[in-house]
1. Taking residue 52 and the conditions (1) among the charged types (D, E, K, R); (2) at pLDDT 95 or above; (3) surrounded by 12 or more Cβ atoms within 10 Å (Cβ to Cβ), which numbered condition does it fall short on, given that it satisfies the others?
2. If I ask for residues that are under 25 Å from the mean Cα position of the chain (by Cα), part of a helix (DSSP H, G or I) and at pLDDT below 75, which ones from segment 11-40 would you list?
3. Just to check your reading of the model, which residue among 43, 71 is modelled with pLDDT under 90 and either under 19 Å from residue 97 (Cα atoms) or not hydroxyl-bearing (Ser, Thr, Tyr) (or both)?
4. Check whether at least one residue in segment 108-120 is touching a Leu at 6+ places or on another chain (Cβ under 8 Å), closer than 27 Å to residue 29 by Cβ, in a loop (DSSP other than H, G, I, E, B) and in contact (Cβ under 8 Å) with a residue 24 or more places away in the chain, and report yes or no.
5. Go through segment 121-150 and give me each residue that's in a helix (DSSP H, G or I) and exposed (fewer than 10 other Cβ atoms within 10 Å of the Cβ).
6. In segment 36-49, how many are loosely packed, with under 13 Cβ neighbours inside 10 Å and either closer than 16 Å to residue 23 by Cα or touching a residue at least 60 places away in the same chain (Cβ under 8 Å) (or both)?
Amino acid sequence: MGRVGRRLVTLEVTALERACFISLNPSKVEAMEGLASYPLPDGSVLEIGPARFRAPELLFRPDLMGQEYFGIHQVLAYAIQKSDMDLRRMLYENIVLSGGSTLFKGFGDRLVLELKRLAPKDAHLRISAPQERLYSTWIGGSILASLDTFKRMWISKKEYDSEGVRVLHRKLL
């Protein structure tokens, strides 16, 4: 893809990121939402219809695409419930949003709503949404990669080719 093609894709993705949202009541929104206009830098206007809320809704309802996966709220609740019982309260109180999909308008509110249905009644949910969350996974990975202790865990292709999966046990366990 050339520079112009990449620029167009970038503009479309930016438009969708700004126009899309996650609703607390998807069925109500589906019935009443129409087209939304999004102005592009060249002066043209992008009309976005139901995809504005249907696309991000897949994070919570993958079944809408015929997929038998759990929604993000279900995966989170499951992971917490599989954790040590003594840690669960702390985990529910320290949920940190990370990644570009968490930037959709309404994401945090919807996550809280869905988690309240799945979490124990006495759980206190607290969700943190740092401003830099779009890049937080990259930032964390770069910090981790720069640590001397982490460098000892690296496995080169040569090591893996000569030892196979045993190198994982030797270096990581």
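The values are calculated or read from the model by the stated rules, or taken from the named source; none is laboratory data. Fair warning: this is a prediction, and the values are worked out from it, not measured in the lab. Cβ atoms come from the backbone with ideal geometry, glycine included; neighbour counts cover every protein chain shown.
1. (2)
2. Listed by number, the residues that qualify are 11, 12, 13, 14, 15, 16, 17, 18, 30.
3. 43
4. So far as segment 108-120 goes, yes, one or more of its residues are touching a Leu at 6+ places or on another chain (Cβ under 8 Å), closer than 27 Å to residue 29 by Cβ, in a loop (DSSP other than H, G, I, E, B) and in contact (Cβ under 8 Å) with a residue 24 or more places away in the chain.
5. 131, 132, 146, 148, 149
6. Going through segment 36-49 one residue at a time, the tally reaches 1.
Yes/no matrix, rows are residues, columns are (1) under 29 Å from residue 100 (Cβ atoms); (2) not assigned by TED's automatic domain parsing to the domain that holds residue 99:
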{"site": "114", "(1), (2)": "yes, no"}
{"site": "118", "(1), (2)": "yes, no"}
{"site": "121", "(1), (2)": "no, no"}
{"site": "140", "(1), (2)": "yes, yes"}
{"site": "147", "(1), (2)": "yes, yes"}
{"site": "154", "(1), (2)": "yes, yes"}
{"site": "161", "(1), (2)": "no, yes"}
{"site": "170", "(1), (2)": "no, yes"}
{"site": "173", "(1), (2)": "no, yes"}
